[in-house]
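Following: one structure in structure tokens, then a few remarks.
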Amino acid sequence: QVRLVESGGGLVQAGGSLRLSCAASGRAYSSYAMGWFRQAPGKERAFLATMTSGGSTKYADSLKDRFTISRDNAKNTVYLQMNSLKPEDTAVYYCAAGGYSSSQYAYGYWGQGTQVTVSS
């Protein structure tokens, strides 16, 4: 059993920044690759970034210049730093564990999501 709990979402103005956190508990956390996805109303879940336990990363090409994934294994926490936010970034943001892929189907564990709303 792996449990993931996102936090750090909220309401921000366009151009602002947020840092999302994902606290993990359960077996073998430090060995899991972790990912971030988001889902806006009426759209499919979209890949944002992923990171292995050793620090390798992949990003969605369209977001690489604004979003950064990191992890602190001592705290069992993964982060997503989001800068220069735009209204179109409004979505529910999810963390996931168990994959190193842009495909949501590669991941076996998911958090409950945290809402990010960017006002114009």
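Looking only at residues in the stretch 78-105 that are β-branched (Val, Ile, Thr) and under 11 Å from the mean Cα position of the chain (by Cα), the one that is surrounded by the most Cβ atoms within 10 Å (Cβ to Cβ) is Val78. Of all residues in the stretch 41-51, those that are over 13 Å from the mean Cα position of the chain (by Cα) and open to solvent by less than 60 Å² (accessible area, probe 1.4 Å) total 0. The numbered conditions (1) modelled with pLDDT under 95; (2) open to solvent by 30 Å² or more (accessible area, probe 1.4 Å) are all true for Val2 except (2). Selection of the stretch 52-70 for residues being exposed (fewer than 11 other Cβ atoms within 10 Å of the Cβ) and under 20 Å from Ala106 (Cα atoms) yields Gly54, Gly55, Ser56, Asp61. Residue count for the stretch 5-26 satisfying the condition of being at pLDDT below 95 and more than 15 Å from Tyr79 (Cβ to Cβ): 2.
The values are calculated or read from the model by the stated rules, or taken from the named source; none is laboratory data. None of the values given here were measured: they were computed from a predicted structure. Positions of Cβ are generated from backbone atoms using ideal geometry, with glycine treated the same way; all protein chains shown enter the neighbour counts. Side chains are part of the model used for accessible areas, which takes the heavy atoms of the whole protein and leaves out ligands, DNA and RNA. Shrake-Rupley method; radii C 1.70, N 1.55, O 1.52, S 1.80 Å.
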